[in-house]
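Since the structure comes first, as structure tokens, the remarks are kept for the end.
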Amino acid sequence: MSRIVRLKENDHDGRDQKAGKAGEARIAPEVHALLKRAAEIEGRSITDFVVTAASAAARRTLEQAETIRLSADSSAFVASLLADARPVPAMRKAKEQHDALVAKG
């Protein structure tokens, strides 16, 4: 059997806060007890505890997804940097000129 937990804070005078959105979640009683106990240990409301933990988890998920996406997008670029490339004629000529100048020095 699950329990509905309202994720809604009230001002000290009992009016709903205008800045935030309210939400609900159906959770098992043992999960509610776990969240309540953890929130009490930190001296926070269940709502504050859940929102903070969920926000942190969401940020981690988005950062990981972005990192993975960027890695996939840049794999061709990295592969071209790491590949053995043959020098073009202009590079060979520049190296010969460099070697001749260094040998004179």
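What follows is calculated from the coordinates using simple rules that are stated; it is not laboratory data. None of these values were measured; they are calculated from a predicted model. Here Cβ is always computed from backbone atoms with ideal geometry, including for glycine, and neighbour counts include all displayed protein chains.
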* Asked: Any idea how far apart Asp48 and Asp73 come out in nm if each label point goes 7 Å out from Cα toward Cβ?
  -> 3.8
* Label-point separation in nm, Ala103 to Ala58, each point 7 Å along Cα→Cβ -> 6.8
* Can you check what the net charge comes to around Ala85, using other residues whose Cβ is under 15 Å from the Cβ of Ala85 (Lys, Arg +1; Asp, Glu -1)? => +2
* Asked: For segment 17-56, what class follows from the C-alpha gyration tensor (a ≥ b ≥ c being the square roots of its eigenvalues): rounded when a/c is under 1.5, otherwise prolate if a/b is larger than b/c, else oblate?
  -> oblate
* Structure fact -> In Å, the C-alpha Rg and Dmax of segment 16-105 are 29.2, 84
* Nearest-0.05 FRET efficiency for Ala83 and Ala38, computed from C-beta distance (R0 41 Å) -> 0.20
* To do: Provide the per-residue ³J(HN,Hα) series for segment 76-85, in order, calculated from phi with Karplus coefficients 6.51, -1.76, 1.60 and θ = phi - 60°, each as a whole number of Hz, with x at glycine and proline positions.
  => 5, 5, 4, 4, 5, 5, 8, 5, 6, 10
